[in-house]
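See structure below.
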Amino acid sequence: MNHTSALTGPPAAKRVGRVLTYRKAAIASLFFPPAGIPALIHSIKASRLAEQGETEPAREQGEKARDWAWYSVGVGLSVYLVAFMVWLLFTNGGSVRKVFLDWSILTSWDAWHSMLKGFWINVQVFLIAEVIVLIWALVVAIVRLLPGKACRPIRFLATVYVDTFRAFPAILVVYLVGLGFAQAKVPIVGSFSDIQYAILALSLTYGAYVSEVYRAGIESIHWSQVAAARSLGLSYTQTMRHVVVPQAVRRVIPPLLNDFIGLQKDTAIISVIGVLDVVSRARFINNARGTLAAYSIAAFLFLCVTIPFTRWLEWLQRRRQLRTEGGR
Amino acid sequence: MAFLEIQRVYKKFGSVYVLSGISLDVELHQVVCLIGASGSGKSTLLRCINALEVIDDGVILLDGDRVSGRGIDVDSLRQEVGIVFQSFNLFPHMSVLDNVTLAPRKVLGTSREEAEATAMGLLGRVGLADKATAFPDRLSGGQQQRVAIVRALAMGPKLMLLDEITSALDPELVAEVLNIVRDLAEEGMTMMLATHEMGFAKEVSSKVCFLDQGVILEEGPPEQIFGDPVEERTRAFLKRIVDAGRL
Ligand SMILES: Nc1ncnc2c1ncn2[C@@H]1O[C@H](COP(=O)(O)OP(=O)(O)OP(=O)(O)O)[C@@H](O)[C@H]1O
Ligand SMILES: [Mg+2]
C-alpha cells in the first residue's frame, strides 16, 4: 500500500504546511514605503520561519505582509493623488489656485449674494420641472401602454415624442424652445418668460426619460394582478388607477429620483437663453474679475443640493429593501 | 334552460385548440367539478366563462343572456361571476379590508361604511376578522386564499369559478380553504371548480366533468364518474390519481 504511482504526483505531505509569503506583493508595495517596508519585513520573516518549519507563525507573518501590501495600495494611491492635486494648486506660483479659488471672490459677500440669487432660480426651475415631469411622464407612459387597435395613432405619437426627445441633447431643446417659440410667436407659449421656457424645455426632455422609467414599472406588474382586478369587474381605467399604477410608482421611485439628479444639474444649461441663473452670474463675475472662482461657487452650490439628495435616495432604497426582505 | 349554458365553445392559442367544442349546462345551485390532466383546458374554460379569454367559436349564456362574443359588457358580467385563482393574486399594496372593498366601492358604488361592514361580516365568517388591517404578505397562503374568496364574494356573484384554489397551498392549509367552499355549496352557491382534490370533488359536486384534450370526454354524478367511469381515458386518469394516493 505504500507505492506512489507517477499519476498521483508528489506525496501529499509536501503540500501541507505551505506558507504564502506575498513576496512579490510586498516588493511591489514599496512604491509607498511607509506600508511597503513593513510588508517586505513581514514577508521575509514569513519565509525564514517557513524554512525553520515554524509553519503557523510563518502564516501569521504572511498574513501581515499581505495586509500591509493592501495598505500601500489603498493609502498610498490616495496620498499620491492628493499630493498631486496640491502640487497642481501651488505650481506656477499658485496660478491654479488663483483661477479656481480666488480668495477675494470666495470671501466676497456680494459674490455669494449674487450667486445665491442666481441659484435660487435654478432651484425654482428644477422644483417646478420635477412636479411637471412627475405627472407628464406618467401620462405619456400610460398613453404608450393603451391597448387596442383604436389607440394605435396616439400610442405612435407618444412613442415618437419619447424617442425624439431622448435623442436630442437637452441644450438643443432649451435653445429651440427658449428662443424659437418666442421668435415664432407660437400661440399660448409664445409669450412665456425665459424661466418658463426653461422649465418647459427641461420638462419635455426629462418627461421623455422618466416616462420610460414609469413604463418599465408598469410593465413589471404581473399580468395576474390585472386579471384579478378585471375579474372583479373593475374597468381598464380603474385597474390602472387603483391596482397597476400605485404598485408601479412604488417600484420606480428610486430610479425616477435618480433621473431628477440629472435634471437638477441640467438646470445649469438654461443660462444659454439668458436666464439669470447661477451659471450666468458666474459668467458675469468671471468677465468682470477675470477669475473662475465664481464657477467654483456654483459648483459648490450644486453639490449642496445633489449630495444630500443622493444620500436621501440611498436611504430610501435601503429602507425599501428592508421592507421587502422583512415583510411590511 | 340552464343557469349557465356553454355551447360548442372553441378556444385556440396560436393554432392549437385548447378547447375544441365544449358543451356543458350548469343549473342554479349546482356545484360542477372539472377534472382532468394538466393542460386539458380546465383553467382556460373557467377564464372563458368570465371573459378573461375571448372564445373563438360557440356561445356562453348566463341566465339566458349571451355573455360571450361581440358587444357584451364584460364588466357587468364579471360582477355576477366571481373567480378565484390558484395563486390568490391579492393586491399587495392594499390591506385585506381594502382588497375586499375595492371592487364594491369602485364598481358598485357602495359607500365605504357599507362596503366595510359587508367585508367585515364576510371576513368574520372565514375567521379572518382580526386580519382586516393586515397586508397580504403578512398572511399565510391559506389565509390569503380565504381573503381572495371573500374578495370575490363581496361583489355578490351568482356564480363562482374556483380554479385549483388549493393547489398552491401546503397540505395542512388545504382544509381551511375547502371548508369555506363546502359552506358555500351548502348555502346553494352555484359553483364551477377545477380541482385535483378528488376526495373533495366527490363530496361536494353535483356533477363531475372529465376534460381531456379540450373536450368533455365524460360527465355525470360523482358516484358514477369516480365509481364506474365509462371511458377508458377516464379510468386511466383516475387510476393515476389513485396510484398517486390522491383519492
Ligand atoms: N395564454 C396562453 N397562451 C398560450 N397557451 C396557453 C395559454 N394559456 C394556456 N395555454 C395552453 O393551453 C393548454 C391548457 O391550459 P389550461 O391552463 O387551461 O390547462 P389546465 O387544465 O388548467 O391545466 P392545469 O391542471 O395544469 O392547471 C395548455 O397546453 C397551455 O399551455
Ligand atoms: Mg389550470
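Tabulated data for the structure shown
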| quantity | calculated |
| --- | --- |
| Residue among B:162, B:90 that alone is surrounded by 18 or more Cβ atoms within 10 Å (Cβ to Cβ), within 16 Å of the chain's Cα centre (by Cα) and within 16 Å of ligand 2 (Cβ to nearest atom) | B:162 |
| Candidates B:152, B:134, B:117, B:175 - the one that is assigned to a helix (DSSP H, G or I), away from ligand 2 (no atom under 16 Å from the Cβ) and facing another protein chain (nearest Cβ under 10 Å) | B:152 |
| Test for residue B:79: is it at pLDDT below 95 and either on the phi > 0 side of the Ramachandran plot or within 16 Å of ligand 2 (Cβ to nearest atom) (or both) | no |
| Contacts under 7 angstrom Cβ, first residue in segment A:226-245 being at the interface with chain B (Cβ under 7 Å from one of its Cβ atoms) and among the polar types (S, T, N, Q), partner crowded, with 18+ Cβ neighbours inside 10 Å and in a helix (DSSP H, G or I), 6 or more apart | A:231/B:78; A:238/B:106 |
| Count of residues meeting criterion [touching a Leu at 6+ places or on another chain (Cβ under 8 Å) and facing chain A (nearest Cβ under 9 Å)] in segment B:91-114 | 6 |
| Selection status of residue A:309, under 23 Å from residue A:209 (Cα atoms) and not in a loop (DSSP other than H, G, I, E, B) | yes |
| Single residue of B:60, B:83 found to be more than 15 Å from ligand 1 (Cβ to nearest atom), surrounded by 23 or more Cβ atoms within 10 Å (Cβ to Cβ) and of a type outside the set (Lys, Arg) | B:60 |
| Which listed residue, of A:284, A:309, A:260, is under 30 Å from residue A:94 (Cβ atoms), among the hydrophobic types (A, V, I, L, M, F, W, C) and out of contact with any strand residue (DSSP E or B) (no Cβ under 7 Å at 6 or more places or on another chain) | A:284 |
| Scan of segment B:42-56 for residues that are within 8 Å of ligand 1 (Cβ to nearest atom) and either more than 22 Å from residue B:210 (Cβ to Cβ) or small (Gly, Ala, Ser) (or both), ordered by number | B:43 |
| Residue in segment A:205-217 that is out of contact with any Asp or Glu (no Cβ under 9 Å at 6 or more places or on another chain), within 14 Å of another protein chain (Cβ to nearest Cβ) and among the hydroxyl-bearing types (Ser, Thr, Tyr) present | no |
| Positions within segment A:273-298 being of a type outside the set (D, E, K, R), in contact with a Ser or Thr (Cβ under 9 Å, 6 or more places away or on another chain), within 24 Å of residue A:203 (Cα to Cα) and in a helix (DSSP H, G or I), in sequence order | A:278, A:279, A:280 |
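The values are calculated or read from the model by the stated rules, or taken from the named source; none is laboratory data. Remember, it's a predicted structure, so these values are computed and weren't measured experimentally. When we count neighbours, we look across all protein chains shown, and the Cβ atoms used for this are built from the backbone with ideal geometry, even at glycine.
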